[in-house]
1. Counting Lys +1, Arg +1, Asp -1, Glu -1, what net charge surrounds residue 371 among other residues with beta carbon under 14 Å of its beta carbon?
2. Along the positive direction of the dipole of the range 239-294 (beta-carbon charges: Lys, Arg +1; Asp, Glu -1; about the Cα centre), which of 271, 258, 245 reaches farthest?
3. Around residue 318, with a cut-off of 13 angstrom between Cβ atoms, what is the net charge of the other residues, counting Lys and Arg +1 and Asp and Glu -1?
4. Using the structure shown, select from 190/319; 147/287; 37/335; 164/213 the pairs with a Cα to Cα distance greater than 25 angstrom.
5. Taking residue 127 as the anchor, which aspartates and glutamates have their alpha carbon closer than 15 Å to its alpha carbon, excluding any fewer than eight residues away along the same chain?
6. Quick one: if the Förster radius is 56 Å, what FRET efficiency do residue 22 and residue 384 give, using the C-beta to C-beta distance and rounding to 0.05?
7. Projected onto the charge dipole of the chain (+1 at Lys/Arg Cβ, -1 at Asp/Glu Cβ, origin at the Cα centre), which of 175, 45, 153 gives the Cα projection farthest towards the positive end?
8. Can you sort 314, 228 so the residue with the fewest Cβ neighbours within 10 Å comes first?
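No value in this document is a laboratory result; all are computed from the given coordinates. Only a predicted model underlies this, so the values are computations on that prediction, with no experimental measurement involved. Methodologically, a virtual Cβ is constructed for each residue, glycine included, from the backbone with ideal geometry; neighbour enumeration extends over all protein chains shown.
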Amino acid sequence: MKNYEQMWKELGMNVELHKELLSSIDKTFKQTVGAQKNRPASIEYFDHVLHESHGGRVAELIEARKTGRKFIGTFCIYVPEELAMAADAIPVALCGGTQFSIPYGEKMFPRDICPLIKSTFGLALSKTCPYGPIKDLGVGETTCDAKKKTWDVFNFHVMEVPQKKGELDFDLWYQAVVEFKERVEKLTGKKVEQERLSETIHIMNEKRRALAKLNELRQHDPPPISGLDALVVMQAALNDEPVRFTKHINKLNEELEGRVITQISPFSRGAKRIMISGCPSVMGNWKIHSLIEKAGAAVVIDETCTGTRYFENLVEDGKKNLDEQLLALAERYMKINCACFSPNNDRLESIEEIIDAYKVQGVVQYVLQYCHGYNVEAIRVANILKKRNMPNIKIETDYSEEDIGQLRTRIDAFLEQLD
Ligand code: BJ8
């Protein structure tokens, strides 16, 4: 990796602490992702994206800002990236998945909120996040309580994500999309035009198609890629430049198609097929996937925001004017089934469809500690799974390694039950 020390210094970061952060993440990476056997060769690019997320990618954003472009930090997949890009801004998701920054987050935030929030803002508070100093706008959303109150603290633009999916709620969300467009236009000084929006819709749809294809390939037995590597790809998706990213996904997909034919896989045929469902696993967090796959089962799909919820449903393209395009965007994003919605029946239906498509044999409901939305919704998910005689286990955990031994025992017992 190139030396970016000078860049980090100029950004006002705590360079020494940042070195400790990188070596802590690198250690976890080597013990989990790097310890896997039989990885596809094309995964190297996505490893590289992760490794360069505090280096090359930041340097790239700094260069883009010199040409007048603006950089927007996001924290939820509800933020329509197409709109930001059409106004010539660059959106990048900034969620943290590392235990390293949690103690710094806890200096400001209550201890009993979810690790994703504490880790994300712990990075900013400890001056180990290179994105904070170059961010032109932070965009939050009204999803869970902890998140929406956090945006107030940092004075972010907040998109109103409704809590139900009725007509009135859709109108509210549509207004939030229009308001976001106006906010981004104000930031960049550039109007969102129909033609450019049509291009960015195409770019993002192509990215979703490529990710959907990758995931379809996981439907094979044995899957040509591990769940942990598929997660690495999804984590890279939230950071990388979309056109370049799609090109590399298509290359990976070609390799995976070949592996399906030649039956090359990190797993033996008949390995237990697991779905992870619930909270996202953002960059730095490889804990649960790694534990399940080290126990010999294959994570074949993620029903999470670092999984199906990110790439399913395209934005309808070919619209003739900006109003219709905005409506199409609002419709696509409103289909994301976050646990902040009540009732969230669409999520339950989607889980059943995914189970059938991926021939899932067991479901791990993944709940980040103190995430009440997914934790309580786990009851309804468990109920539909019970009706189908589908074994499931709920794992509530944080980013630390403290409970690894206990989790390993529970996962082993769960997988044995699938026999
Ligand atoms: S659309 S899941 S990305 S909000 S895990 S911070 S919900 S307490 S990340 Fe999310 Fe958007 Fe929903 Fe997806 Fe809160 Fe839960 Fe933490 Fe969460």
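1. My count for the surroundings of residue 371 gives -1.
2. Farthest towards the positive pole: 271.
3. Residues close to residue 318 contribute a combined charge of -3.
4. With Cα atoms farther than 25 Å apart: 37/335; 164/213.
5. 5, 10, 16, 20, 106
6. 0.85
7. 45
8. By the 10 Å Cβ count, ascending, the order reads 314, 228.
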